[in-house]
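In what follows, a single structure is set out as structure tokens and then discussed.
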Amino acid sequence: MVQFSTLALALTAVGSVTAAPSLLHKRIAQVISDSTTKWEAACDAAGGGADCNQIAVNAFGTLLAAAGPCDQQQNADIMMDLSKKLNSADMIKFAQIWVQQPRNTPDSLSVQYCGEAPRNPELNGLFQCQFQGADPENFTGGLKAGDKGTIPFSHTGILNPSGSCNAHTSGPIADGTQLVDQVSSPGVVSGSGSDSGSTKASSSAPAGTSSITAPPQSSATAPPAASSSSSSSSSSPSSGSTGFAIENGHDAQALNKKFQGLTADNDCDEGEEACLGGSFAQCVQGKFVTTSCGSSLVCEALPLVNSRGTSITCTTEADAAARIAATGATGGITGDSNGTSTDDDPSNSSVPAVGNDNDDSDENDDVVTSTQPGAKSFALQNGRAAQALNKQFESLSPDNDCTDGEQACIRDAFAQCVGNKFVTTSCGATLTCEALPLVNSAGTSITCTTKADAQARIAATGATGGIDGSN
């Protein structure tokens, strides 16, 4: 079963990170989740349970451009650990092929090779292929062919043919394609490494079992639907949150104003996040690369609810305006308008606005962000509907049938139905997927957030019993 990691709204193109325009170079990307599909299916068949998806998700995230040179190999070791524990020849084979899958390159440069040996002998001598569009003479990091990092650990000379790997000895593979769909054998696995720059082909037998190690966090992810990147929160709304609420609103406005003048040519700090042309942007190697928010959403900075700060996420303009207005900040999304263009149209909001239950007055205990007549009549209904969904999600599994386009939460990950099966996007290490009540209209949304934030928004509607109504 295909299941997504990392952070993206266009689930069928989660790996397609868009780089800054260039006259000389182009982005080469792929649907990264496709790379582990066969390994995960073999894992499910072998009885790997929940470990299969978790390991697959962490693994394919390392195919993104921001991952380190050895991240892919380290995750292949984790895949191999479970493969041997389950004594699955298919899992072993697919892990050996996966470690040779090319990685994304935002600038058409070849991607550096890992300079250390794997833990598992089944992976000895294996390294990633390159995509055909990658420059064989120039590598990421400003390296030239022949420099350290441009020669695989198992070799002593430049590869011939360049861009090849053990499973595909004729050279690099077509841009954006999956090696596992083109080969049936992983090729040679050498225990001592190769002394030449050539790539040979043979086979090896699997070794014994070993224990599973915890998968490392991927160094780059795409943004999950309407995520909140709060790094800290409390279990309930802070009693002093009204003091920082308006500051958070003003900070979000300032960021959105700043983003209007941002271009792909701007320099940035590694890992920095921003909004660029309506898309979510992350800094990779000193330049912004972007992930589309899809046709109906835009990237905006939003105020946090339970702590000081802001988040950058995909949402609707109406929702962003409502969340900022809920803090007491005036002037709309950027602080320089009257805020009347989007707030009055609740139909534009597909993700939840911020509810604030820190006001001491009883009349504001249900919902405080909407001035619509009748808003309170659906607030409690929305809260209870969100609780019911969260309760339902607790028993949902990736094997459940679904209707294309249906959204849900599965094991804390955001899930969307594609081809009558759920595919999931990890919410990251600090967030979880939850159903939340809408503010400006009847209904709910499904998004990545913190447990504390979900609880606060549901409580703000007047619904009791916590996130799923059972507390």
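Observations
- Elements of type strands (runs of 3 or more DSSP E) contained in the stretch 390-462, each with 2 or more residues being within 19 Å of ARG323 (Cα to Cα) and open to solvent by less than 20 Å² (accessible area, probe 1.4 Å): 432-437, 444-449
- Taken as a whole, the stretch 439-457 holds no residue that is at pLDDT below 80 and farther than 27 Å from ASP404 by Cα.
- Any chance THR315 is modelled with pLDDT under 80 and either in contact with a strand residue (DSSP E or B) (Cβ under 6 Å, 6 or more places away or on another chain) or open to solvent by 20 Å² or more (accessible area, probe 1.4 Å) (or both): yes
- Identity of the residue in the stretch 155-179, part of a strand (DSSP E or B) and touching a strand residue (DSSP E or B) at 6+ places or on another chain (Cβ under 8 Å), that ends up modelled with the lowest pLDDT: ASN160
- ALA301 meets the conditions (1) part of a loop (DSSP other than H, G, I, E, B); (2) at pLDDT 80 or above; (3) not acidic (Asp, Glu) in every case but one. The failed one is (1).
- Residue in the stretch 373-385 that is open to solvent by 30 Å² or more (accessible area, probe 1.4 Å), out of contact with any His (no Cβ under 8 Å at 6 or more places or on another chain), closer than 21 Å to GLN54 by Cα and at pLDDT 80 or above present: no
The values are calculated or read from the model by the stated rules, or taken from the named source; none is laboratory data. As the structure is a computational prediction, the values presented were derived from the model and not from experiment. Heads up, the Cβs are rebuilt from the backbone with ideal geometry, glycines too, and the neighbour counts pull from every protein chain shown. We work out accessible area using only protein heavy atoms, side chains counted, and drop any ligands, DNA or RNA first. Shrake-Rupley method; radii C 1.70, N 1.55, O 1.52, S 1.80 Å.
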